[in-house]
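Written out below as structure tokens is the structure these notes cover.
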Amino acid sequence: MNQTGDSRVALHLLLPFRPKLYYLSPFVVLYQSGRELVGILRGYDDLVNLVVDDCDEFLRDPSDLSRVTNQKRKLGLVVVRGTQVSLVSPDDGFEEIDNPFIAEGEDE
């Protein structure tokens, strides 16, 4: 409980990602099923349900369903259930960092 006797915890302490960082900017959503969407975050809730506008889905290669192609199909406005979200990333990619859990001198 906090000082006011309220047992609720701030949303930013519970979520593994910060939705405000992606708000109104292009980002990528990867579903647990492997579907990949790119769009603009318009809204979210405590359960990480996302409202994505100008949404495109990357299509899979028909001969190899594990491969995603560069072809897209326009979906428009989409609501993504938080239970299906596996990864959220900025559209311009991400930067690799050193592993903070490896002590100096250790090899991976």
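Values as computed for the structure displayed
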{"quantity": "Where labels lie 7 Å past Cα in the beta-carbon direction, separation of residue 77 and residue 46 in nm", "calculated": "2.5 nm"}
{"quantity": "Percentage relative contact order, segment 32-84, counting C-alpha pairs under 8 Å, at least six apart", "calculated": "36 percent"}
{"quantity": "Highest to lowest packing among 54-66, 21-33, 38-50, scored as the average C-beta count within 10 Å", "calculated": "38-50, 21-33, 54-66"}
{"quantity": "Pairwise FRET efficiency - residue 67 versus residue 23, Cβ, R0 = 35 Å, nearest 0.05", "calculated": "0.65"}
{"quantity": "Spacing of the two label points (7 Å from each Cα toward its C-beta) at residue 53 and residue 102, in nm", "calculated": "4.3 nm"}
{"quantity": "Under 5 Å, built H, 5+ apart or other chain: amide partners of residue 49", "calculated": "82"}
{"quantity": "Cα gyration tensor shape of segment 32-84, rounded if a/c is under 1.5, else prolate or oblate by comparing a/b with b/c", "calculated": "oblate"}
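Rule-based calculations on the coordinates, nothing more; no lab input. No experiment lies behind these values; they were computed from the predicted model shown. Positions of Cβ are generated from backbone atoms using ideal geometry, with glycine treated the same way; all protein chains shown enter the neighbour counts.
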